1. Just to verify a result, which residue in the range 17-37, among those that are open to solvent by less than 50 Å² (accessible area, probe 1.4 Å) and polar (S, T, N, Q), is nearest to E79 (Cα to Cα)?
2. Run R174 past the list (1) open to solvent by 50 Å² or more (accessible area, probe 1.4 Å); (2) within 30 Å of I82 (Cβ to Cβ); (3) not polar (S, T, N, Q) and report the number of the one that doesn't hold.
3. Provide a single number: the residues in the range 4-34 that are assigned to a strand (DSSP E or B) and more than 11 Å from the ligand (Cβ to nearest atom).
4. Looking at R105, R47, can you tell me which residue is touching a strand residue (DSSP E or B) at 6+ places or on another chain (Cβ under 6 Å) and within 29 Å of F24 (Cα to Cα)?
5. Pick from P40, P54: which is within 24 Å of R75 (Cβ to Cβ) and more than 15 Å from the ligand (Cβ to nearest atom)?
6. Failed condition for V150, given (1) open to solvent by 70 Å² or more (accessible area, probe 1.4 Å); (2) assigned to a loop (DSSP other than H, G, I, E, B); (3) not small (G, A, S), with all others met?
7. Being more than 29 Å from R205 (Cβ to Cβ) and either hydrophobic (A, V, I, L, M, F, W, C) or part of a helix (DSSP H, G or I) (or both) is the filter here, so list the residues in the range 132-147 that pass it.
8. Keeping to the range 108-153, report how many residues are of a type in the set (V, I, T), within 12 Å of the chain's Cα centre (by Cα) and within 12 Å of the ligand (Cβ to nearest atom).
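The values are calculated or read from the model by the stated rules, or taken from the named source; none is laboratory data. Keep in mind that this is a model prediction, so the values were computed, not measured. Every residue, glycine among them, receives a Cβ derived from its backbone with ideal geometry; neighbour counts consider all protein chains shown. Just so you know, the surface numbers come from the protein's heavy atoms only, side chains and all, with ligands and any DNA or RNA stripped out. Shrake-Rupley method; radii C 1.70, N 1.55, O 1.52, S 1.80 Å.
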Amino acid sequence: MVKTAVMVSGGGTNLQAIIDSHIFGEIKNCELAAVISSNPTAYALSRAEYAGIPAHVVDAGRYTNRASFSEAAHRKLSELEIELIVLAGFMHILGPPLVKAYQNRIINIHPSLIPSFCGPGYYGLRVHEEALKFGARVSGATAHFVTNEVDSGPIILQKAVDILPDDTPFTLQRRIMEEAEWKILPEAVSLYCEGRLELDGQIVRIKGARDDGSAS
Ligand code: GRF
């Protein structure tokens, strides 16, 4: 069982998708060992509690800079002997020492098809505002490994979602969460925990993938 921590900052709908998939046996070989929130009032903490997962707070507001916050998170993760970190609606950039210590062991979900609408400053509604402003016909979500360059790590899974003519940033955000994020994040976690992800530089190969590239 891979000892996994889910790091969150807000409502925790992606966390909920992971919890539900885990309960239904769709995430294999994974122990949901901890939820760590950067925000003491995040609803994600209640979701963890209802699911019986130990919840911890490393309050970003108590640290003066990214490095000291990241160090505190690192201490907590080491203390809990975490093997895999999942960033699920986590609104902070982790410092290089933590990213190095957990190289290819941190999975993030981003609400666009990387390399579009991603990188520094592209989070929350801004991602969807930019996709709409650009007139894109499709967007989607990407589950990827975290490196020091924001949203640039090896891609594990992607799922496309159509952009509709009357979409607003809110409707698009919601549809991308429902149709893409909540599906591919749990799937990526399972693939990792089952030992089915193989890295070849920037390329992730999925062991046992079908010829069309789909995972199962
Ligand atoms: C949404 O903005 C989603 O697009 C992004 O994280 C937010 C969801 O957060 N990836 P949460 O999982 O409900 O906390």
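1. Initially, the range 17-37 is screened for residues open to solvent by less than 50 Å² (accessible area, probe 1.4 Å), giving 17-19, 21, 25, 27, 30, 32-37.
Subset that is polar (S, T, N, Q): 21, 37.
Values: S21: 26, S37: 16 Å.
Restricting to residues being open to solvent by less than 50 Å² (accessible area, probe 1.4 Å) and polar (S, T, N, Q), the top hit is S37.
2. (2)
3. Within the range 4-34, residues that are assigned to a strand (DSSP E or B) and more than 11 Å from the ligand (Cβ to nearest atom) number 7.
4. R105
5. Every option except P54 fails the conditions.
6. Every condition holds for V150 apart from (1).
7. Selection gives L132, K133, F134.
8. Number of matching residues: 2.
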